Amino acid sequence: MDEESRRWVERLRPDGRDREEALVELRQLLLRAARFEVRRRCDRLSQIRGGDEDDLAQQSAGDAMVAILSKLDDFRGQSKFTTWAYKFSLYEAAATIRKRAWQGRELPLEAEQWPLLPDPGPAPQGEVEMNDLLAAIREEIETSLTPRQREVLVALALNEVPIDVLAERLDSTRGALYKVLHDARRRLRSALAERGMILDEQMEEHE
């Protein structure tokens with residue numbers, strides 16, 4: 001660990017000699033990072049007004065501060081402390097913006113809202129095989145997965161709902177949803193294998 005990073009860690013510990021000053025400095029660093037990320041992402045989102053950006057940045061910086069202090073003992077000095085801390089703020093800002101972008105929107109969790117499969121009319125053999133595989137995937141999602149697995153898979157893998165948004169709506173955690181998604185994919189691959197079909201890495205995007 002470099003000397004500057006070591007000083008950061010020592011100052012931020014509960015018994016740090018100038019902890020309050022270090023917290024103020026860290027907050028300023030996190031707020032700069034959060035404002036940068038919020039501004040960058042809000043440029044593409046018309047539903048977020050300029051007046052909301054600072055509130056979102058302040059919230060993100062606060063969440064990042066809490067996360068950093070809870071994980072202070074995990075810092076091993078593989079990068080500078082400021083770089084490590086900066087990433088927390090970028091992550092929290094991105095998560096905050098995703099949640100705001102989905103605020104008030106209905107999450108597409110039902111089978112009726114899945115994308116329609118392409119018309120399996122006259123097509124080259126490769127496209128016919130692809131259509132057959134997509135049809136099999138949809139059938140196995142409906143019949144082989146539990147309701148919870150189907151809900152999570154449809155939301156995350158098909159409809160691209162951000163996992164932190166889904167975790168909040170379902171009163172769950174990211175870790176729990178990742179476990180459900182992993183189990184769903186494993187069961188889906190197994191069901192397709194029994195049909196003599198293989199779900200390769202390319203098709204993971206269509207799950």
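Would you please put 162-169, 16-23 in order of how densely packed they are, using the mean number of other Cβ atoms within 10 angstrom per residue and starting with the highest?
Averaged packing, sorted descending, gives the order 162-169, 16-23.
Please work out how much length the chain gains when fully extended from Arg17 to Thr82, using 0.36 nm per residue of separation minus the C-alpha to C-alpha distance, in nm with one decimal.
On the way: separation 65, 0.36 × 65 = 23.40 nm, distance 1.94 nm.
That works out to 21.5 nm of additional length.
Taking every pair of alpha-carbon atoms in the range 3-101, what share in percent sits in each 5 Å bin, from 0 to the bin with the longest distance?
2, 14, 25, 22, 15, 10, 7, 4, 1, 0
Extension gain Asp74-Ser172, at 0.36 nm per residue separation less the Cα-Cα distance, in nm?
32.8 nm
What is the sum of charges, Lys and Arg at +1 and Asp and Glu at -1, for the other residues whose Cβ falls under 15 Å from the Cβ of Ala176?
Local charge sum for Ala176: -1.
Since every read-out is calculated from the coordinates, none of them should be taken as a lab result. Note that this is a predicted model, so its numbers are computed, not measured. Neighbour counts run over all protein chains shown; Cβ positions are idealised from the backbone, glycine included.
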